[in-house]
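Have a look at the structure below before the remarks.
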């Protein structure tokens, strides 16, 4: 099959197996080129197939030489026309390269919120690792079904009052005003159930109860704060309320569970399928990319996750955090000079000038790169086999 991108808005329905593989290889080569640390032996990455989770797995494996167990929720190719998800191809590529390099890597495919997946992870850890000393929690799901069968859905809304600001329509790059309505109390509570710290804590409790949590292990979950212009929809919005619960969960778990070191890492704004769906954020990201690339401090997910693990979490002097115990990998983004430049452009950007004062082309490059398109040295005219297996995959 000759695989081409089929997208509508912030959704891409196809993924390229060789493009995804090339992107994974590029990330691995980056980490291989950087200084190493041997402080992590066995890592569990919950949400390991895309974005920050995938890059965390690569950083743990190739910076620390760690065995990695990944938890994903992806689909294989179906028939002759439906490709697998990008996460499936990413995971297949990572495992193949890791095995060739002599690194242990195994993956569970299933709902990370379920007890069955937790039990399977514990079984594999007991058999192959003994205990885990790093647990990365990188879940960005729209809904969660709890043990009692209740399904909760998250919403992208404000809290209290509507909020109006500018955004970019990704279908035509038109800059328009958008108003985001406030969430109900029920919607906020549901968003916290999906995106808060409850399931993260459930994972840690399950690992500890089973005796597979190493003494003084590290666990990190991910968040975003961003600038004032995005606060109403993110930091102070419904998602932000869930992230506050995440921060509280880290503080509650820290020092508990066999001396666990629990942190939340605040990461930089990047293009993901999730962030593309958030009003206002894509316009901000396109301006941010323009400024950071010109300043020479732009980073993708792998550069950040390497820096988070190597420089911040496993620093020789101990974890590097701010006054709220947050690991700040958004430090380059939030520099005064960067935010000042972005704010100046925000006041000027419109449909006519977005192509020149914002990096909208770079935004789209990163968007399609998520699905394996636009990667250097990949022949997109080649007829490729979309049916790719993941060695040793455990389906739950």
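The values are calculated or read from the model by the stated rules, or taken from the named source; none is laboratory data. Note that this is a predicted model, so its numbers are computed, not measured. Cβ: placed from backbone, ideal geometry, glycine included. Neighbour counts: every protein chain shown.
Structure values in brief
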quantity	calculated
Number of the condition not met by residue 171 [criteria: (1) in a loop (DSSP other than H, G, I, E, B); (2) within 30 Å of residue 67 (Cα to Cα)]	(2)
Options 290, 312, 355: the member that is farther than 29 Å from residue 165 by Cβ and out of contact with any helix residue (DSSP H, G or I) (no Cβ under 6 Å at 6 or more places or on another chain)	312
Matching option when the condition is part of a loop (DSSP other than H, G, I, E, B), modelled with pLDDT of 95 or more, buried (at least 20 other Cβ atoms within 10 Å of the Cβ) and in contact with a helix residue (DSSP H, G or I) (Cβ under 9 Å, 6 or more places away or on another chain), among 48, 43, 59	48
Pick from segment 227-245, criterion under 30 Å from residue 346 (Cα atoms) and without any contact (Cβ under 8 Å) to a residue 60 or more places away in the chain, ranking: farthest from the chain's Cα centre (by Cα)	228
Of all residues making up segment 62-77, the number that are surrounded by fewer than 20 Cβ atoms within 10 Å (Cβ to Cβ) and over 23 Å from residue 371 (Cβ atoms)	1
Which listed residue, of 338, 327, 370, is farther than 17 Å from residue 225 by Cα and either surrounded by 14 or more Cβ atoms within 10 Å (Cβ to Cβ) or in contact with a helix residue (DSSP H, G or I) (Cβ under 6 Å, 6 or more places away or on another chain) (or both)	370
Enumeration of residues in segment 121-179 that are surrounded by 13 or more Cβ atoms within 10 Å (Cβ to Cβ), out of contact with any strand residue (DSSP E or B) (no Cβ under 8 Å at 6 or more places or on another chain) and more than 28 Å from residue 263 (Cβ to Cβ)	170, 173
Given (1) out of contact with any helix residue (DSSP H, G or I) (no Cβ under 9 Å at 6 or more places or on another chain); (2) part of a strand (DSSP E or B); (3) in contact (Cβ under 8 Å) with a residue 24 or more places away in the chain, number of the condition residue 166 does not satisfy	(1)
